[in-house]
Amino acid sequence: MLKLLPLCLAAGLAFGLTACGTSATSSKRAEHHYALAKPAAEPAQSGVAPVVASAQPGKKGPADTAHVVYFDFDDYSVRPADRPILESHARWMRSHPGQSLTLQGHTDARGGIEYNLALGQKRAESVRSSLQTLGVDPARTEAVSYGKERLADPGQSEEAHQRNRRVELEYR
């Protein structure tokens with residue numbers, strides 16, 4: 001009987017901890033469990049057409065190339081469709097060694113402030129890592145996050161949210 005007591009206590013403790021995981025506080029934690037990017041095998045099922053960035057004439061950087069990279073909901077991996085944008089910027093950076101670049105990460109308006117600041121930073125770091133892979137010295141790039149503080153579109157539609165999930169490339 002005494003040998004079973006530690007097992008009963010361990011089982012009770014495990015049950016109690018499991019029960020604690022379903023309390024009201026876990027719902028707040030659950031919204032942060034998706035901090036890591038979705039697995040690559042899961043395609044986005046939003047039904048919203050992806051935003052395609054257009055070139056911004058008059059800005060430093062490669063001509064006829066967008067200065068914005070967009071992201072899927074709750075994701076910080078660069079979409080395959082946006083890789084040519086980064087390749088163009090990497091070529092331009094390699095041929096202009098005196099230029100530096102600020103990568104400004106943004107999110108849509110949903111979610112908490114801290115979570116969105118972290119997600120915006122991960123998006124900016126993801127673009128920075130992609131540029132480094134393409135031959136850009138990371139000392140010439142700076143990744144910053146504005147989270148949901150600088151919305152490109154204040155609307156509440158899925159299209160507005162998609163326009164806000166971005167990294168802006170700003171030359172300095």
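Derivation of every value follows stated rules applied to the coordinates shown; laboratory data play no part. Please read these numbers as outputs of a predicted model, since none were measured by experiment. Don't worry about glycine lacking a Cβ; one is built from the backbone with ideal geometry, like all the others, and counts go over all protein chains shown.
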Could you please find all residues in region 125-143 being of a type outside the set (S, T, N, Q), in contact with a helix residue (DSSP H, G or I) (Cβ under 6 Å, 6 or more places away or on another chain) and surrounded by fewer than 20 Cβ atoms within 10 Å (Cβ to Cβ)? Leu134, Gly135, Pro138
Assuming Thr133 fulfils every condition listed in (1) under 11 Å from Ala90 (Cα atoms); (2) in contact (Cβ under 8 Å) with a residue 40 or more places away in the chain; (3) among the hydroxyl-bearing types (Ser, Thr, Tyr) apart from one, which condition is it? (2)
Per-region count, region 123-149, residues charged (D, E, K, R), under 21 Å from Lys60 (Cα atoms) and in contact with a His (Cβ under 8 Å, 6 or more places away or on another chain): 0
